[in-house]
């Protein structure tokens, strides 16, 4: 398996995990406004998102990650079309 795909999936999983922890901290700490756990998890999520973007950009730039979007289909040569 491509290591960039594995890193991307792991980072996405960690971002969702951080998001769920922030939601849990928000409900638990609603009576204690001096606690900063929600801000801490926001910082973690920000770092993980930047790492994900850097990983995707490097993977796409080096050619290890490819786009399979339908609007990026290369045009067909006229010589390959049979009449």
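Computed from the coordinates by the stated procedures, all read-outs in this text should not be read as laboratory data. Small disclaimer: the values here were computed from a predicted structure and weren't measured. So basically every Cβ, Gly included, is an ideal-geometry build from the backbone, and we count neighbours across all protein chains shown.
Brief remarks follow.
- Between 0 and 90°, nearest 10: helix 37-62 axis offset from the chain longest Cα axis: 10
- Evaluated at q = 0.11, 0.22, 0.25 Å⁻¹, a Debye calculation over the C-alpha positions of the chain (equal weights, vacuum) places log10 I(q)/I(0) at -0.50, -0.99, -1.12.
- On the basis of the beta-carbon distance and an R0 of 22 Å, residue 46 and residue 24 show a calculated FRET efficiency of 0.75.
- Helix 3-28 axis, angle to the chain major axis (alpha carbon atoms, nearest 10°): 30
- Working note: 222 nm ellipticity from helices only, DSSP H runs with n ≥ 4, each -39,500 (n - 2.57), summed and divided by the residues of the chain, gives -22500 deg cm²/dmol to the nearest 500.
- Across the stretch 14-58, Cα-Cα pairs farther apart than 17 Å form 37% of the total.
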